[in-house]
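Asks: Before I ask anything, let me first share the structure, which is written out below as structure tokens.
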There are 2 protein chains.
Amino acid sequence: MDFISELGKRTKFINVALERLLPPVETYPPIIHEAVRYSLFAGGKRLRPVLALASAEILGGNQRDILPAACALELIHTYSLIHDDLPAMDNDDLRRGMPTCHKKYGEAMAILAGDALLTMAFELITLCPVTNVITPASLITVIAEISRASGTAGLVGGQVVDIMSTSSKADEETLDYIHRCKTGAMYRASVRTGALLSGASRKDLDNLTGYAEHLGMAFQIADDILDIVGDEKNIGKPVKSDIKNDKATYPAMYGIEAAGRMAGDQMKRALRSIDGYGEKADFLRELVKFVVNRNH
Amino acid sequence: MDFISELGKRTKFINVALERLLPPVETYPPIIHEAVRYSLFAGGKRLRPVLALASAEILGGNQRDILPAACALELIHTYSLIHDDLPAMDNDDLRRGMPTCHKKYGEAMAILAGDALLTMAFELITLCPVTNVITPASLITVIAEISRASGTAGLVGGQVVDIMSTSSKADEETLDYIHRCKTGAMYRASVRTGALLSGASRKDLDNLTGYAEHLGMAFQIADDILDIVGDEKNIGKPVKSDIKNDKATYPAMYGIEAAGRMAGDQMKRALRSIDGYGEKADFLRELVKFVVNRNH
């Protein structure tokens, strides 16, 4: 499999759906839809929707029907980036090589664009067509799953602990918590969304959940390493920002080499979780390898 | 009916439910749960949940079962107040006579507390017990309803237009749009939530929707008038803030007397919408009168 071109195809599929599912930019009041689209279409690999669809693919789910729920995950991811970038939070001027939402539209509009994306995400989920497999009850389960992963036990909780512990003195437990919440929770919810809307058995759900949890850890450790050894041009944002901001990271806590080994170990565990799914799981296998070995 | 004491009883009923449905304050990370509770329990009449339950009352719905969805409306209301008060938005220091969330917990935590409340609202709705009347399908309809009312076609859209037109030069259409979105949309969603989870007929839904729309307008016009003629002690926030901020208001556009007549007219229309419901609708009748005639 040419993973990069396969991922590109899937990213494009998601982008087409996002374009179709979002209110047109001229919808009143246009400025907010412009700000929402500015951040949502600033690039990005759409990993969360891609994970949801790949999970459906393994279980024989209908990928087209679950698109609105998959796209909802990207809306939530984008909202969290917009709010995290705000001056009161991480105060970042650049994101993927472009001015952040508040730099472009001002703080008030950036806060509101984040609020709009988070709200719209839940509306999107309700747009999935009801079928034999996608029942109203399974949609409710997905909404519960995604809201938990985004709230104080997930995204929001992770960000709270992150901004309070911008000191390399954070302990291992805190570091794990931040990463489990900030990245892991949404990866987990993404994979489970795809599975739950494809009639997953309990065992399938457990296997895919394990995959997602290890993928999330692998991703975050690799991200921390990239911030140190990466090339600013490839990443699209200033490197060494973690050091500058005195952020708790895996390399800071364990050293670069040990962190590299930890990422590799998480990758192996992710692969083991989906051992039993044959060729259908090849994309998810390549994905975790890509995440650990990427240079951007 | 002693409306004030009846409203007090209902407010208390909601407060008990909110206390039970929210994560305990010691849940990790405690600071965010503290900030969430600080704003959520800062007082307030809980009009949105009260409207949802009163609507169920009229239609013979089970008020206890729909409590999580009713409480979700209050969480969304509180999130919108926290974000609206932020320095980048209305920059208010006081809310109900107490320091606003960002004054007490800092801007970052206030943004996150709002995000947490909005997210938790959707989780809460999924907690309604499934019954013959409260089906997963009706819960999905409610989630669609509430997310639309909170998004760019409702709360968020209203706030966008509001912060962009802080000039008394806004035209009538803009003023109507702001108020319809900032207050009306959530009143409407509240009443419809109660109705949809009580097996409302199409006609009941239409009647109650009409009531809510006129109630929302009546409330907003009365609120604008209070900002001019009210007593700071009773209202719990500085008066004349609309004039200070050069906000578009009904009294500024039409004069105080005409605005007063408009509020009365909206009240009459609200009453007419629920004409056919006999005694069961007495509470909703007293409510709209209270909203127009209150002094705080």
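Asks: Could you list, in sequence order, the residues of the range B:118-140 that are at the interface with chain A (Cβ under 9 Å from one of its Cβ atoms) and of a type in the set (A, V, I, L, M)?
Replies: Listed by number, the residues that qualify are B:LEU118, B:MET120, B:ALA121, B:LEU124, B:ILE125, B:LEU127, B:VAL130, B:ALA137, B:LEU139, B:ILE140.
Asks: Moving on. Scan B:ALA72, B:ALA121 and give me the residue that is under 20 Å from A:LEU127 (Cα atoms), touching a residue at least 24 places away in the same chain (Cβ under 8 Å), small (Gly, Ala, Ser) and part of a helix (DSSP H, G or I).
Replies: Working: B:ALA72 fails: under 20 Å from A:LEU127 (Cα atoms).
Just a single option satisfies the conditions, and that option is B:ALA121.
Asks: Could you figure out which of (1) aliphatic (A, V, I, L, M); (2) within 8 Å of chain B (Cβ to nearest Cβ); (3) surrounded by fewer than 24 Cβ atoms within 10 Å (Cβ to Cβ) isn't true of A:VAL156?
Replies: Unmet condition: (3).
Asks: Sticking with this one: Condition test on A:THR78, is it of a type outside the set (Gly, Ala, Ser) and over 30 Å from B:GLN159 (Cβ atoms)?
Replies: Answer is no for this residue.
Asks: Yes or no: A:LEU40 touching an Asp or Glu at 6+ places or on another chain (Cβ under 9 Å) and closer than 14 Å to A:VAL16 by Cα?
Replies: In short, yes.
Asks: Would you confirm, using the coordinates I've provided, whether A:SER39 is hydroxyl-bearing (Ser, Thr, Tyr) and crowded, with 16+ Cβ neighbours inside 10 Å?
Replies: yes
Asks: Mind listing whichever residues of the range B:23-37 are of a type in the set (A, V, I, L, M, F, W, C), facing another protein chain (nearest Cβ under 7 Å) and closer than 18 Å to B:GLU123 by Cα? Lay out the reasoning, then the answer.
Replies: Let us first name the residues in the range B:23-37 that are of a type in the set (A, V, I, L, M, F, W, C), namely B:25, B:31-32, B:35-36.
Restricting the remaining residues to those that are facing another protein chain (nearest Cβ under 7 Å) gives B:31-32.
The one that is of a type in the set (A, V, I, L, M, F, W, C), facing another protein chain (nearest Cβ under 7 Å) and closer than 18 Å to B:GLU123 by Cα: B:ILE32.
Asks: Let me ask something else about it. Which ones in the range A:194-218 are over 18 Å from A:LYS268 (Cα atoms) and not aliphatic (A, V, I, L, M)?
Replies: Scanning the range A:194-218 gives A:GLY194, A:SER198, A:GLY199, A:SER201, A:ARG202, A:LYS203, A:ASP204.
Asks: Does the range A:52-67 contain any residue that is basic (Lys, Arg) and either farther than 22 Å from A:TYR277 by Cβ or within 15 Å of the chain's Cα centre (by Cα) (or both)?
Replies: Taking the range A:52-67 first, the residues basic (Lys, Arg) are A:64.
Narrowing further to those that are either farther than 22 Å from A:TYR277 by Cβ or within 15 Å of the chain's Cα centre (by Cα) (or both): none.
Within the range A:52-67, not a single residue is basic (Lys, Arg) and either farther than 22 Å from A:TYR277 by Cβ or within 15 Å of the chain's Cα centre (by Cα) (or both).
The rows are residues; the columns are (1) under 30 Å from A:GLU173 (Cβ atoms); (2) outside any helix (DSSP H, G or I).
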site: B:MET1; (1), (2): no, yes
site: B:LEU18; (1), (2): no, no
site: B:TYR28; (1), (2): yes, yes
site: B:HIS33; (1), (2): yes, no
site: B:VAL36; (1), (2): yes, no
site: B:GLY44; (1), (2): no, yes
site: B:ARG48; (1), (2): no, no
site: B:SER55; (1), (2): no, no
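Asks: Look at A:ALA170 and say whether it is over 20 Å from B:ALA35 (Cα atoms), facing chain B (nearest Cβ under 8 Å) and not β-branched (Val, Ile, Thr).
Replies: no
Asks: When you scan the range A:141-153, how many residues do you find that are under 17 Å from B:CYS128 (Cα atoms) and facing chain B (nearest Cβ under 7 Å)?
Replies: 4
Asks: Can you tell me which residue within the range A:183-219, out of those that are without any contact (Cβ under 8 Å) to a residue 60 or more places away in the chain and under 11 Å from the mean Cα position of the chain (by Cα), is nearest to A:VAL133 (Cα to Cα)?
Replies: If we take residues in the range A:183-219 being without any contact (Cβ under 8 Å) to a residue 60 or more places away in the chain and under 11 Å from the mean Cα position of the chain (by Cα), then A:ARG188 is nearest to A:VAL133 (Cα to Cα).
Asks: All but one of (1) surrounded by 24 or more Cβ atoms within 10 Å (Cβ to Cβ); (2) without any contact (Cβ under 8 Å) to a residue 40 or more places away in the chain; (3) touching an Asp or Glu at 6+ places or on another chain (Cβ under 8 Å) hold for B:ALA144, so report the exception by its number.
Replies: (1)
Asks: For the range B:14-24, name all the residues that are surrounded by 14 or more Cβ atoms within 10 Å (Cβ to Cβ) and either closer than 13 Å to B:PHE41 by Cβ or among the basic types (Lys, Arg) (or both).
Replies: Answer for the range B:14-24, where residues must be surrounded by 14 or more Cβ atoms within 10 Å (Cβ to Cβ) and either closer than 13 Å to B:PHE41 by Cβ or among the basic types (Lys, Arg) (or both): B:ILE14, B:ASN15, B:ALA17, B:LEU18, B:LEU21, B:LEU22.
A quick yes/no check of all residues on (1) farther than 20 Å from A:MET120 by Cβ; (2) among the charged types (D, E, K, R):
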position: B:ASP171; (1), (2): yes, yes
position: B:LEU175; (1), (2): yes, no
position: B:ARG180; (1), (2): no, yes
position: B:SER198; (1), (2): yes, no
position: B:ASP206; (1), (2): yes, yes
position: B:GLY210; (1), (2): yes, no
position: B:LEU215; (1), (2): yes, no
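Asks: Can you find, within the range B:94-111, the residue that is farthest from the other protein chains (Cβ to nearest Cβ) among those that are closer than 21 Å to B:ASP246 by Cβ and modelled with pLDDT under 95?
Replies: B:LEU94
Asks: Just one of (1) surrounded by fewer than 24 Cβ atoms within 10 Å (Cβ to Cβ); (2) assigned to a helix (DSSP H, G or I); (3) in contact with a His (Cβ under 6 Å, 6 or more places away or on another chain) trips up B:GLY114, so point out which.
Replies: (1)
Asks: Oh, and also: Look at the range B:75-93 and say how many of its residues are surrounded by fewer than 18 Cβ atoms within 10 Å (Cβ to Cβ) and either more than 9 Å from chain A (Cβ to nearest Cβ) or in contact with a strand residue (DSSP E or B) (Cβ under 8 Å, 6 or more places away or on another chain) (or both).
Replies: Looking only at that region, the number is 2.
The values are calculated or read from the model by the stated rules, or taken from the named source; none is laboratory data. Just so you know, these numbers come straight off a predicted model, no measurement behind them. Methodologically, a virtual Cβ is constructed for each residue, glycine included, from the backbone with ideal geometry; neighbour enumeration extends over all protein chains shown.
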